[in-house]
Amino acid sequence: MPEFITQNVYLDYLVRLTACLICGLLLGIERKLRQHTVGVRTLTLISISSGMLSILSTYMASTGVVPGDPTRISAALITGIGFLGAGAIVTQGLNIRGLTSAAITFTAASLGVTCGAGLYVPAFIVLAFSFITLFIINKVEKKLFPAEKRKILCITLTNKDPDEDQIKKLIKKHKIVIHDLDIKYSSEENLMRLIYTVQAPDSLKPLNLINELTNITGIQKIELSKN
């Protein structure tokens with residue numbers, strides 16, 4: 001690292017934590033591009049909090065602000081907070097909620113430990129980055145990756161040879177991402193069921209989607225559910 005940065009401890013903190021912010025952002029974008037649950041906000045908060053804790057551990061070990069090995073205090077606290085954060089994560093059908101809340105819990109614990117050690121500058125840098133992540137990056141993330149909620153779209157057809165390309169085209173028209181497709185056929189009822197596992201945006205208007213799908217020849221029934 002350039003000497004003019006290392007000579008100014010506050011600038012050094014800013015550069016380190018900005019690097020953590022960028023790493024978290026890039027990893028979060030990669031996960032969202034692959035349609036995974038863990039997103040930009042979660043990984044960014046974890047990255048900047050971990051970077052701050054590394055600064056804290058280095059500072060406490062070098063200055064000896066408390067007798068013994070001070071880094072054990074931070075390690076034990078963060079381990080305990082990890083269990084608390086895990087309690088915020090819940091599964092609702094195909095969707096997982098609370099990942100960002102768990103990351104915020106981890107960030108809050110990191111901020112508390114860092115302020116307690118007297119490192120106010122890195123703590124406030126991380127606090128500012130956290131607000132940027134939660135308010136600004138959140139809006140950008142929703143615009144770039146609108147499909148958030150996983151749902152099951154079940155289409156029942158009387159036609160053995162449905163126009164699957166047309167069905168997919170209509171689904172994607174509503175910014176819905178298709179993850180998987182299961183096909184079931186009943187010879188007794190002479191009905192075919194296409195069961196799509198999809199990821200839908202919050203702005204989805206289900207009635208519009210259903211009305212457009214019903215115009216396709218052979219569709220008898222449409223169901224859209226959370227699980």
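A few notes on this one:
- Environment charge of I210, counting only residues whose C-beta is closer than 11 Å and scoring Lys/Arg +1, Asp/Glu -1: 0
- 3J(HN,Hα) couplings calculated from phi for the stretch 149-163 with the Karplus curve 6.51 cos²θ - 1.76 cosθ + 1.60 (θ = phi - 60°) are, in sequence order, 8, 7, 9, 10, 10, 10, 10, 9, 10, 8, 9, 6, 10, x, 7 Hz; Gly and Pro show x.
- Among the GluC sites (Glu not before Pro) in the stretch 146-227, those placed in a DSSP loop whose Cβ has at most 11 other Cβ atoms within 10 Å are E188, E189.
- Modelled label reach - T63, point 7 Å along Cα→Cβ, the stretch 109-124 residues with backbone N closer than 14 Å: 113-124
- The stretch 147-227, dipole about Cα centre (Lys/Arg Cβ +1, Asp/Glu Cβ -1), debye to the nearest 20: 360 debye
- The region of the chain that goes longest without hitting one of the trypsin sites (Lys or Arg not before Pro) in a DSSP loop, each with at most 10 other Cβ atoms within 10 Å, is 35-159.
- Charge sum, other residues only, whose C-beta stays under 12 Å from L191's C-beta, Lys/Arg counted +1 and Asp/Glu -1: +2
- With the Kirkwood sum run over all distinct C-alpha pairs, the stretch 120-219 has a hydrodynamic radius of 16.1 Å.
- If you take the Cα centroid of the stretch 102-122 and the Cα centroid of the stretch 170-202, the two points sit 46 Å apart.
- Rounded if a/c under 1.5, otherwise prolate or oblate - the stretch 97-155, Cα gyration tensor axes: oblate
- Computed over neighbours whose Cβ is under 15 Å from that of R34, the net charge equals -1, Lys and Arg +1, Asp and Glu -1.
- Normalised by the number of residues in the stretch 173-227, the mean separation of alpha-carbon contacts (under 8 Å, six or more apart) gives a relative contact order of 29 percent.
- Estimated purely from DSSP H runs of n ≥ 4, each contributing -39500 (n - 2.57), the mean residue ellipticity at 222 nm for the chain is -17500 deg cm²/dmol once divided by its residues.
- At least 15 Å along the helix axis (C-alpha) and Kyte average at least 1.0, DSSP helices within the chain: 9-33, 40-63, 71-86, 99-116, 120-131
- The alpha carbons of the chain occupy a box of 78, 34, 24 Å along the principal axes, longest dimension given first.
- Diffusion coefficient of the stretch 185-227 by Stokes-Einstein, Kirkwood radius over Cα pairs, 37 °C, 0.692 mPa s: 268 µm²/s.
- Reachable lysines, given that their alpha-carbon falls under 28 Å from the alpha-carbon of K221 and they are not under 8 places away in the same chain: K149, K151, K160, K168, K169, K172, K173, K175, K184, K205
Quick note: the coordinates plus some simple rules give every number you see, no bench work behind them. All values derive from a computational prediction rather than experimental measurement. Note: ideal-geometry Cβ built from the backbone for every residue, glycine included; neighbour counts use all protein chains shown.
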